[in-house]
Amino acid sequence: MVRGRTLANRLLLTSALLALTVGCGFLGWMRQPRELRTNPPVLADLSRFRLMSNGIGGAPPESYFAEAEPYENDAYNLSQGKRLYTWFGCAACHGDGRGAAGPSFLDGWWLYGPEMVSIVASIRDGRPHGMPAFRDRMTIEQIWQLAGYVQTIGAYSAKVAATGRNDGPQTRPSENRAPAVMLFEEGPVGVNPDQGPSP
Amino acid sequence: MRMSPIIWMSTIAIISGCTGNQSAINPKGAPAIHIAHLMSGIVAVCTLVWLLVMVMLVWALLRKRSDAGEQARERGLTTTVSAAVGATAVIIAGMTIASFYTTRDIGIPGEAALTITVRGQQWWWQVIYADPDPALTFQTANEIHIPVGRDVHVQLESTDVVHSFWVPSLAGKQDLVPGRTNSLLLRAERPGIYRGQCAEFCGLQHTHMAMMVIAEDPESFERWAVAQRGNSVNPGKPDAVAGQVAFIAKPCAACHTVRGTPAMGTTGPDLTHVGSRKTIAAGLLETTRGSLAAWIADPQTLKPGNNMPMVPLTSVELKNISAYMESLK
Ligand SMILES: [Cu+2]
């Protein structure tokens, strides 16, 4: 009797360990694949998003959904975006995300809306009150990567994909936090009169 | 007997890996020579110790059990063990002292003939020949020129992750750590081209993060430095002229500097004299017009994950830009 019990226990333990190993292997296999080289046709398509006539909101190209919104949900792209934020000097006007000469990305208020296409358009074409156009300085894919990152800074909801960590000390809430309600309560910053009533 | 050709071939293959221009046991610079001496000294001592131990072991296995009394045997054992412990202490102390003196010898001397800054980036080497006069300061990438027989002080920095600077034929290995400056003495006794390689895993393209150290006589070095200090040459041929216009209008100029033009980006290598370098993309390809075109057309296929994006270009733009790059001697 006792022998039977220990044998059953051993079998149970072995199969649990086996399941754990297979599970870990599966998790490793499921790892998000990195798309290091986007196909040129897909790249070209990235410029073909549609924007509303007032420059706020619109629709990304079809292929963006077919690729499962890679610039919002892919940790590699978000991390590249974070790198580009420093490389292209966004901090000169937007600080660490809290804003300076340019508006804050952290407060949850978007002068031109929170959609990816609005942010992409802001970066690519510039905006009238002092946001320079980066059309000639970055490739369209980099603009999408950067937009994904900027959107994450002021995200309303936490994402599964996160950027790389900061090497320096944190000066503000991290990008992949759950939304901090109090940050959103301060209200909009730097709204210009022709941008409609304050939200 | 049938195995022997294979053994011979593989031995030859292994030994041939030890000559060439990237080898710690074929040193061509004072620091590397000190290290090679230390290395062969330690290997010799350890070999001797190993042989002694083996001889003792065989002797212990073969000898007859002595018929001395328990006490005498105990005494013999005590003497042997104490002698062995004493010898070990002496040998280890000797090696420690030898390694202390070697470290001292490869340290940075009071004044070096030349100080350069090497900044590791994923995945290339930025090389800055700084001068108190900013007009005389210039940069290269993945290619370091040094005068033969002079002490060169290399300041090592990193912008992203830990890299390691290793030119085995000339010096030891030293890490590049973000947020600090490390120092290394580089010195070549003989002219030549020595290959170096990042020796600390730093991400996807760690394997393709090589550099060339070109040691030349002081006059040639001075001539090279004067040429590098100058602004980029103006393109002469029509395709290169068109290439320059395209280069400045495209995102290239936001990442790369070509002194003498409006291109002043700093995130990629300085291209002012890119055509004069032996290789591009950290030792990946030899610098030819064809390889430049291949690189610019599709950097992510040649070096997946590197930080230069594929910039959409028409075939004419690509041809012109490659001609321009090649003309930047
Ligand atoms: Cu490395």
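The values are calculated or read from the model by the stated rules, or taken from the named source; none is laboratory data. Not measured: the values here are computed from a predicted model. No Cβ is skipped: glycine too gets one built from the backbone with ideal geometry, and neighbour counts run over all protein chains shown. What goes into the accessible areas is simple: the full protein's heavy atoms, side chains included, and nothing from ligands, DNA or RNA. Shrake-Rupley method; radii C 1.70, N 1.55, O 1.52, S 1.80 Å.
Just a few scattered comments:
- When the Gaussian network model of chain B links Cα atoms closer than 10 Å, the mean-square fluctuations of B:Ala24, B:Ala60, B:Ala188 top out at B:Ala60.
- The simple spin-label model puts a point 7 Å past each Cα toward its Cβ; for A:Ser47 and A:Ala91 those points are separated by 3.1 nm.
- A:Tyr112 contributes about 40 Å² of solvent-accessible surface, heavy atoms of the protein only, 1.4 Å probe.
- Of the trypsin sites (Lys or Arg not before Pro) found in the range A:1-101, the ones in coil according to DSSP and having at most 11 other Cβ atoms within 10 Å of their Cβ are A:Arg31.
- Residue-averaged [θ]222 nm for chain B, counting only DSSP H segments that reach four residues, each worth -39500 (n - 2.57): -13500 deg cm²/dmol
- Estimated 222 nm signal from helices in chain A, with DSSP H stretches of n ≥ 4 weighted -39500 (n - 2.57), rounded to 500: -13000 deg cm²/dmol
- The range B:225-293 - Debye-derived log10 I(q)/I(0), Cα point model, q = 0.15 Å⁻¹: -0.50
- Of the DSSP H helices in chain A, those whose Cα atoms cover at least 30 Å axially and whose Kyte score averages -1.0 or more: A:2-30
- The charge dipole of chain B, taken about the Cα centre with unit charges on the Cβ atoms of Lys, Arg (+1) and Asp, Glu (-1), comes to about 800 debye, rounded to the nearest 20.
- Cα-based helix-to-principal-axis angle, B:30-62 vs chain B, degrees rounded to 10: 30
- Principal axis box of the protein assembly as shown, alpha-carbon based, largest edge first, Å: 109, 90, 52
- If you take all other residues with their beta carbon under 14 Å from the beta carbon of A:Pro33, and give Lys and Arg +1 and Asp and Glu -1, the sum is 0.
- Cβ crowding within 10 Å averaged over residues, with B:290-301, B:61-72 ranked highest first: B:290-301, B:61-72
- Integer Hz, Karplus 6.51/-1.76/1.60 couplings in order for the range B:205-221, x for Gly and Pro: 9, 3, 4, 9, 10, 10, 8, 10, 10, 10, 9, 9, 5, x, 5, 4, 4
- Computed about its Cα centre, the charge dipole of the protein assembly as shown is approximately 1740 debye, with only Lys, Arg, Asp and Glu carrying charge at their Cβ.
- Cα gyration tensor shape for the range B:30-105, rounded if a/c is under 1.5, else prolate or oblate: oblate
- Net charge dipole size for the range B:114-229 [Lys, Arg +1 and Asp, Glu -1 on Cβ; Debye, nearest 20]: 200
- For chain B, the residue among B:Ile193, B:Gly20, B:Leu62 whose Cα projects farthest onto the positive side of the dipole built from Cβ charges is B:Leu62.
- In plain terms, the bigger the Kirkwood radius, the slower the diffusion; for the range B:114-229, with that radius from Cα pairs, at 25 °C and 0.890 mPa s, Stokes-Einstein puts D at 173 µm²/s.
- When the surface is traced with a 1.4 Å probe over the full set of protein chains, A:Leu111 keeps roughly 50 Å² accessible.
- For chain B, the square roots a ≥ b ≥ c of the C-alpha gyration tensor eigenvalues yield an a/c of 1.5 or more together with a/b exceeding b/c, which makes the shape prolate.
- Efficiency of FRET between B:Thr79 and B:Tyr101 - r from beta-carbon atoms, R0 30 angstrom, step 0.05: 0.35
- The distance between label points at A:Arg165 and B:Arg150 comes to 4.4 nm (points 7 Å beyond Cα on the Cα→Cβ vector).
- Spacing of the two label points (7 Å from each Cα toward its C-beta) at B:Val162 and B:Ile92, in nm: 2.5
- Seen against the Cα atoms of chain B and their longest principal axis, helix B:4-16 is set at about 60 degrees.
- Acute angle (nearest 10 degrees) that the helix B:238-249 long axis makes with the longest principal axis of chain B, alpha-carbon atoms: 80
- With the charge dipole of the range B:238-327 set up from +1 on Lys and Arg Cβ and -1 on Asp and Glu Cβ about the Cα centre, the Cα lying farthest toward the positive end among the listed residues B:Val316, B:Ile296, B:Thr272 is that of B:Thr272.
- Share of carbon and sulfur in the accessible heavy-atom surface of the range B:30-105 [1.4 Å probe, %]: 74
- At R0 = 25 Å, FRET efficiency that the Cβ-Cβ distance of A:Ala101 and A:Ser157 yields, to 0.05: 0.30
- Top positive-direction residue, dipole computed over the range B:30-105 with Cβ charges, set B:Pro31, B:Ala72, B:Phe100: B:Ala72
- Which listed pairs, of B:Lys28/B:Lys278; A:Lys82/B:Lys250; B:Lys173/B:Lys278; A:Lys82/B:Lys303; B:Lys28/B:Lys237, have C-alpha distances above 31 Å, in listed order: B:Lys28/B:Lys237
- Cα-based Rg and Dmax for chain A, where Dmax is the largest Cα-Cα distance (Å): 22.2, 85
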